[in-house]
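Step one of this worksheet: look at the structure below.
The values are calculated or read from the model by the stated rules, or taken from the named source; none is laboratory data. If you're wondering where the values come from, they're calculated on a predicted model, not measured in any experiment. Counting neighbours? That spans all protein chains shown, and the Cβs are built from the backbone with ideal geometry, glycine included. Please note that ligands, DNA and RNA were not included when accessible areas were found on the heavy atoms of the full protein model with its side chains. Shrake-Rupley method; radii C 1.70, N 1.55, O 1.52, S 1.80 Å.
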Amino acid sequence: ILTLRNNLGHQRAIACGLCFIRENILCDNIIVMDSDGEDNPEDIEKLFKFSILENQIIFAKRAKRQENLLFKIFYKLYKSVFKILTGKVINFGNFSSVPFSFLDKLVYNENLWNNYAATILRANIPYKSLPTIRGKRYDGKSKMTLSALFIHGFSAISVYMDLMAIRIIIFSFSTISISIFMILIVVLIKIFTKQAIPGWASFTTLILLNLLFQALMISFLMLFIFLSKRTAKNIIPINEYKFYLS
């Protein structure tokens, strides 16, 4: 049982736990799970057996979710946005079985400090997922509200920040190119034909210029974020976690 100096959030708490095990406990396998009952303890044996047999990280994929409709809609939206921005599919949470031999690839990866599952995807660590049914919470209510889901979603996407920035920059430059091309068409129609409706050309050009300017600003913003991330000092969890243990 580890006691943290303050509330780091569940992702960094997982990182601290994995780092502590790597340095202090020699074992064959680690189970990552919540203790509130929603990660069903009955599934541990199945995850463990497949993890040993396949020599992979095995995630529990919830076959059925019990949240309200609004939460389910935003959760599906989060998964769709994640796939569009990263090209990856994430359909599982933290509940998993991890062979000890994979710990080094995790605890020395700076992304583990942000999101456990996304780190495994980004690091190309072998994994599979098994369908499971969510257990019943022992007591209290879940703290995974919509705002918490947004934070969790952004933490997962941040693992792919460089890839996401490049994709958005490419999309922005595509938008800029299309806008310039459309402006040229509007100008040509205005000058060489009589088909333009009075005021139509200037109004359309103004809209396209506005779109061009916004795409240009987004591309510069993402480029700045991309370059600043490359120059920033990365936090390696195995080197930092001890500062948060009491």
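Comparing Cα centroids, region 86-147 and region 1-76 end up 6 angstrom apart. Taking every pair of alpha-carbon atoms in region 1-114, give the share separated by more than 18 Å as a whole percent. Across region 1-114, Cα pairs with separations above 18 Å total 60 percent.
The share of accessible area on the chain that comes from carbon and sulfur is 64 percent, using a 1.4 angstrom probe.
Cross-linked pairs Lys61/Lys141; Lys46/Lys83; Lys79/Lys141; Lys79/Lys233; Lys76/Lys105: Cα-Cα separations exceed 25 Å for Lys46/Lys83; Lys79/Lys233; Lys76/Lys105. Accessible surface computed residue by residue for the chain, with neighbouring protein chains in place and a 1.4 Å probe, gives 62 Å² per residue. With mean projected area of the Cα convex hull in nm² as the read-out, I listed (1) 13.6; (2) 17.7; (3) 12.5; which label goes with the value calculated from this structure? Recomputing mean projected area of the Cα convex hull in nm² here picks out (2). So what is the relative contact order of region 1-92, in percent, for Cα pairs below 8 Å that sit 6 or more residues apart? Relative contact order for region 1-92 comes out at 15 percent. Largest to smallest in accessible area, the residues Ile151, Ile180, Ile189, Ile57 fall in the order Ile151, Ile180, Ile189, Ile57 (1.4 Å probe, all protein chains included).
Scanning the chain for DSSP H helices at least 24 Å long along the axis (C-alpha atoms) with a Kyte-Doolittle mean no lower than 0.0 picks out 69-86, 161-192, 200-231. Highest average first, the peptides 36-47, 128-139 ordered by how many other beta carbon atoms sit within 10 Å of their residues are 36-47, 128-139.
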